[in-house]
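Enquirer: Encoded as structure tokens, here's the structure I'll be asking about.
The values are calculated or read from the model by the stated rules, or taken from the named source; none is laboratory data. Predicted model only: the values in this text are computed from it and were never measured. A quick note on method: Cβ atoms are made from the backbone with ideal geometry, for glycine too, and the neighbour counts reach across all protein chains shown. These accessible areas exclude ligands, DNA and RNA; they are computed on the full protein's heavy atoms, side chains included. Shrake-Rupley method; radii C 1.70, N 1.55, O 1.52, S 1.80 Å.
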Amino acid sequence: MQNRASPQRKHTISVMVDNRPGVLARVSGLFARRGFNINSLVVSATQDPEISRMTIVSMGDDAHLMQVVKQLNKLINVITIFDHTEDDLVERELALIKVRATVDNRSEIMQLASVFSASIASISPSEETMIVEATGDENKIDAFLATLVKFEVLEFVRTGKIALVRGAKST
Amino acid sequence: MTGGEALVEALKKEGVEVIFGISGGAALPIYDALAKPAAASIFNVLVRHEQAAAHMAEGYAKASGKVGVCLATSGPGATNLVTGIADAILDSVPIVAITGQVPTHAIGSDAFQESDIMGITMPIVKHSYQVRRADDLPRIVREAFYIAGTGRPGPVLIDIPRDIAQAEVKEFIYPEEISIRGYSLHLAADPADVEAAAELIARSSKPVLYVGGGVVNTEAHEELLALAEKIDAPVTSTLMGRGAFPDRHPLSLNMPGMHGTAYANWAIRDCDLLIAVGVRFDDRVTGNLSKFATNAKVIHVEVDPAEIHKNRHADVSILADAKDALRKLVDACAPAQHPDWRRQIAQWKEQEPLRYANNGKLKPQYIMEVLSELTDGDAILATDVGQHQMWASQYYPFKRPRQWLTSGGLGTMGFGFPAAMGAKVARPTEEVWLVTGDGSFQMNLQELATSVCFNIPVKIALFNNMSLGMVKQWQELFYDNRYSGIDLAKVPDYSALAQAYGCVGITVKTPGEVRPALEKAREIDDRTVLIDFQHDPAEHVYPMIPSGQSVQEMRLQPNE
Ligand SMILES: Cc1ncc(C[n+]2csc(CCOP(=O)(O)OP(=O)(O)O)c2C)c(N)n1
């Protein structure tokens with residue numbers, strides 16, 4: 001009878017919006033007001049200067065996702081929404097990780113980095129730090145961060161997810 | 001031409017004949033444009049509080065079906081509109097709210113009378129614009145009216161910085177076409193969905209039509225009547241849908257929900273098919289959702305996709321304008337008869353009609369009965385919020401859409417009087433009544449002045465129980481009679497107050513005085529008349545399904 005509960009999972013949607021001031025506030029405000037969570041949100045330019053793309057990851061069941069999409073669609077500045085739940089995606093996040101790098105462990109860090117196809121963005125030998133730059137999907141970044149824990153991770157920053165659908169289908 | 005003049009020109013193109021508002025620093029260039037001969041066709045109503053301007057625009061919109069317009073200056077003027085805008089989003093009322101703003105260069109500097117009205121109203125508008133170039137004004141006005149009035153209607157805000165209203169508009173170009181790529185309407189029902197719905201209807205032996213504001217907004221009452229009669233389905237109309245179906249029709253079940261009739265709620269409980277049209281399964285109707293219409297399949301006709309499956313899963317949904325969907329359903333459905341179901345409903349109506357204890361005291365329900373009889377169900381009725389609102393909805397025999405103006409979603413005390421005035425401006429030849437409570441009326445009674453100064457006469461039936469009656473009822477039923485903050489005392493003398501404003505004031509204390517007072521009020525056409533009905537303050541609204549509960553817990557009368 002009622003909306004049947006489906007499992008909670010992370011949903012990725014691409015929201016194409018008018019590239020105008022205030023649109024981000026409308027979108028994020030809607031999430032806050034309706035009690036929808038945002039796991040990550042990335043705003044980016046697109047090939048059309050009048051359109052921006054928001055890649056949003058939100059956790060919830062399928063009914064939740066349906067409400068998110070429908071409520072977003074009611075915003076006049078939202079042009080189209082792509083729900084990627086069933087899509088074959090290329091997904092990427094970027095992370096910058098600052099680790100303590102002494103003369104002794106520096107090469108080990110570099111070796112680990114190459115296993116994860118990460119690169120060294122900066123080395124400050126005098127202060128014994130190093131910034132490693134990694135890209136990949138969420139799991140890969142999580143795994144990389146986990147392996148770096150045995151060195152001293154001083155701080156890190158990671159972007160939200162961006163994604164495109166494989167093949168000719170446009171998103 | 002200035003930006004302000006371009007605004008006026010654009011409003012005229014939209015057919016605007018009245019604006020309700022109050023001026024101020026940032027709105028001066030707009031008001032200046034309204035003073036020029038080009039604006040002569042626009043009735044410029046100076047209200048006494050901006051909240052009332054917003055509700056007047058709503059009342060005008062509800063009574064006429066057109067978009068209502070209110071206007072305020074920046075800062076406090078704009079924030080005073082907020083309650084009206086919030087009311088309009090929840091009840092899907094098409095209004096355009098225009099606000100002055102500090103000059104563009106001062107925005108963000110905490111300038112005098114600056115408030116971020118775009119930010120403040122973002123969650124409660126259908127859309128909003130801050131005008132950054134005077135040349136954009138015509139297009140923005142065109143879009144604003146289109147968005148406000150189409151699909152699921154709602155409020156649109158246009159914030160105009162003072163320098164923009166003063167700037168020179170080189171060429172006034174009013175766009176013929178509208179293209180808003182992020183705004184698409186779903187008005188035409190998909191024939192496959194209609195077919196699927198018709199099949200469910202054909203298989204049903206106990207159908208109920210549950211109809212609301214969507215039928216009123218699209219004026220689909222004739223189609224609804226045709227469908228109800230063709231498939232022999234009783235109709236219950238929600239608080240927002242009163243007037244969608246004539247209450248004196250044998251198929252009418254009156255209102256469902258918390259203070260709905262017992263027979264409407266029992267019919268919903270026992271029906272095997274609920275045909276929901278232009279409704280949103282609001283909690284005041286459903287109570288506990290998991291116990292609502294548990295035996296029924298659901299057909300949901302709705303213009304807003306976000307409402308479908310939101311509160312209740314629909315077995316068949318029709319995403320469309322109520323009028324289009326109902327017209328197609330009438331064609332698709334085979335005629336049917338449900339004599340057993342009709343007999344059952346007739347029996348419920350007999351067993352448990354709307355009733356009250358007539359014990360010689362002045363009963364509010366009795367006032368509604370006499371008002372209904374004298375006006376024969378033809379008046380336009382506005383209400384405020386509380387017990388009087390429920391009695392008005394329960395007892396008035398509505399005949400058609402746009403006769404009933406009430407604040408349902410937000411439940412805004414103070415809505416009624418200005419809404420009644422807005423309706424009177426829209427329909428000057430009709431008899432407009434306000435049914436209000438002493439609490440609610442005091443939230444916008446300053447508009448008595450506006451009604452006198454602009455000759456907008458309405459008839460006020462003030463249901464005076466010297467308290468916040470609905471709150472008192474809850475304290476009596478659920479809080480062991482512990483009264484807290486509900487006593488309004490015998491202040492003021494409303495009849496004298498009305499007279500002080502130049503209106504007619506009448507005081508009624510006994511049942512015998514009701515009819516003559518109402519008759520006298522009906523004879524006065526040139527002034528606002530207020531009748532202070534000092535009714536039995538102990539009266540409760542019944543039936544009642546306590547909040548969050550279900551039809552099983554419905555209370556029919558005190559101690560029953
Ligand atoms: C602006 C606002 N404040 C508070 C409430 C909560 N409220 C709901 S009904 C009610 C009492 C209304 O009293 P009155 O207008 O005298 O009507 P009555 O119930 O006595 O008929 C109150 C305070 C509200 N709905 N709106």
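Enquirer: How much of the accessible area of chain B, in percent, comes from carbon and sulfur atoms when a 1.4 Å probe is used? If you can, show how the numbers build up before the last one.
Expert: Numbers: 10280 of 20180 Å².
Its accessible area is 51 percent carbon and sulfur atoms.
Enquirer: Rounded to the nearest 500, what is the 222 nm mean residue ellipticity of chain B from helices alone, with -39500 (n - 2.57) per DSSP H run of 4+ residues and division by all residues? Each step should come with its number before you reach the end.
Expert: On the way: 23 runs with 205 residues, N = 560.
One gets -10500 deg cm²/dmol as the mean residue ellipticity at 222 nm.
Enquirer: Moving on to the next point. Accessible area, 1.4 Å probe, largest first: how do B:LEU225, B:LEU518 sort? Could you put the intermediate results ahead of the total?
Expert: Numbers: B:LEU225 55, B:LEU518 0 Å².
So the residues, ranked largest to smallest area, are B:LEU225, B:LEU518.
Enquirer: Additional query: Given a 1.4 angstrom probe, what's the average accessible area per residue across the protein assembly as shown, in square angstrom? Mind showing how you got there, number by number?
Expert: Working: 29240 Å² over 731 residues.
Dividing the accessible area of the protein assembly as shown by its residue count gives 40 Å².
Enquirer: State to the nearest 20 debye the size of the charge dipole of the range B:364-541 about its Cα centre, where the only charges are +1 on K and R beta carbons and -1 on D and E beta carbons. Present the calculation step by step, with values, prior to reporting the outcome.
Expert: Values: 14 positive and 21 negative charges, 70 e Å.
The dipole of the range B:364-541 has a size of about 340 debye.
Enquirer: Greater than 18 Å separation of Cα atoms is the criterion. Which listed pairs, B:LYS62/B:LYS424; B:LYS424/B:LYS459; A:LYS10/A:LYS161; B:LYS126/B:LYS424; A:LYS10/A:LYS140, meet it?
Expert: Values: B:LYS62/B:LYS424 11 Å; B:LYS424/B:LYS459 10 Å; A:LYS10/A:LYS161 12 Å; B:LYS126/B:LYS424 26 Å; A:LYS10/A:LYS140 16 Å.
As for pairs spanning more than 18 Å Cα to Cα, those are B:LYS126/B:LYS424.
Enquirer: Just reorder B:TYR174, B:TYR483 by solvent-accessible area, largest first, 1.4 Å probe, all chains present. Each step should come with its number before you reach the end.
Expert: Details: B:TYR174 40, B:TYR483 120 Å².
In descending accessible area the options line up as B:TYR483, B:TYR174.
Enquirer: Could you put B:CYS453, B:CYS70 in order of accessible surface area, largest first, with the 1.4 Å probe and the full protein assembly present? Before the final figure, lay out the partial values.
Expert: On the way: B:CYS453 90, B:CYS70 0 Å².
My answer, sorted largest first, is B:CYS453, B:CYS70.
Enquirer: Given +1 on the Cβ of Lys and Arg, -1 on the Cβ of Asp and Glu, and no further charges, what dipole in debye does chain B carry about its Cα centre, rounded to the nearest 20? Walk me through the numbers before you get to the answer.
Expert: Working: 51 positive and 68 negative charges, 127 e Å.
Dipole magnitude for chain B comes out near 600 debye.
Enquirer: Find how much the distance from A:THR159 to A:ASN37 grows on full extension, using 0.36 nm per residue of separation minus their present alpha carbon separation; answer in nm with one decimal.
Expert: Details: separation 122, 0.36 × 122 = 43.92 nm, distance 1.69 nm.
Extra length available between A:THR159 and A:ASN37 comes to 42.2 nm.
Enquirer: What accessible area, in Å² to the nearest ten, does a 1.4 Å probe give for B:ARG248?
Expert: It works out to around 140 Å².
Enquirer: Within the range A:9-87, what whole-number % of the accessible surface is contributed by carbon and sulfur, with the 1.4 Å probe and all protein chains included in the calculation? Working shown, then result.
Expert: Numbers: 1830 of 3480 Å².
Carbon and sulfur together cover 53 percent of it.
Enquirer: Let me ask something additional. Between chains A and B, what is the buried accessible area in Å², counting both sides, with a 1.4 Å probe and ligands, DNA and RNA left out, to the nearest 100?
Expert: Values: alone 10080 and 21110 Å², together 29240 Å².
In total, this chain pair buries about 2000 Å².
Enquirer: Taking the range B:288-388, which trypsin sites (Lys or Arg not before Pro) meet the DSSP loop condition and have no more than 16 other C-beta atoms within 10 Å? Please report the intermediate quantities before stating the final value.
Expert: On the way: sites: B:LYS291, B:LYS297, B:LYS310, B:ARG312, B:LYS323, B:ARG327, B:LYS328, B:ARG342, B:ARG343, B:LYS349, B:ARG355, B:LYS361; in loops: B:LYS310, B:ARG312, B:ARG355, B:LYS361.
Within the range B:288-388, the qualifying trypsin sites (Lys or Arg not before Pro) (loop, at most 16 other Cβ atoms within 10 Å) are B:ARG355, B:LYS361.
Enquirer: Considering only C-alpha atoms, what is the centroid distance from the range B:41-85 to the range B:505-529, in Å?
Expert: With the range B:41-85 and the range B:505-529 each reduced to a Cα centre, they are spaced 29 Å.
Enquirer: Over what distance in Å are the Cα centres of the range B:255-324 and the range A:1-52 separated?
Expert: Centre-to-centre distance over Cα atoms comes out at 29 Å.
Enquirer: Over what distance in Å are the Cα centres of the range A:104-171 and the range B:327-342 separated?
Expert: Centre-to-centre (Cα) distance: 66 Å.
Enquirer: Considering only chain B, what is the antiparallel percent among its DSSP beta bridges, to the nearest 5? Show your work: numbers first, answer last.
Expert: On the way: 3 of 65 bridges.
DSSP beta bridges in chain B are roughly 5 percent antiparallel.
Enquirer: Using only Cα atoms, tell me the angle between helix A:138-148 and the longest principal axis of chain A; keep it within 0 to 90° and round to the nearest 10.
Expert: For A:138-148 against chain A, the angle is about 20 degrees.
Enquirer: Let me ask something else. If I model a spin label as a point 7 Å beyond the Cα along the Cα-Cβ vector, how far apart are those points for B:TYR479 and B:ASP272 in nm?
Expert: 4.6 nm
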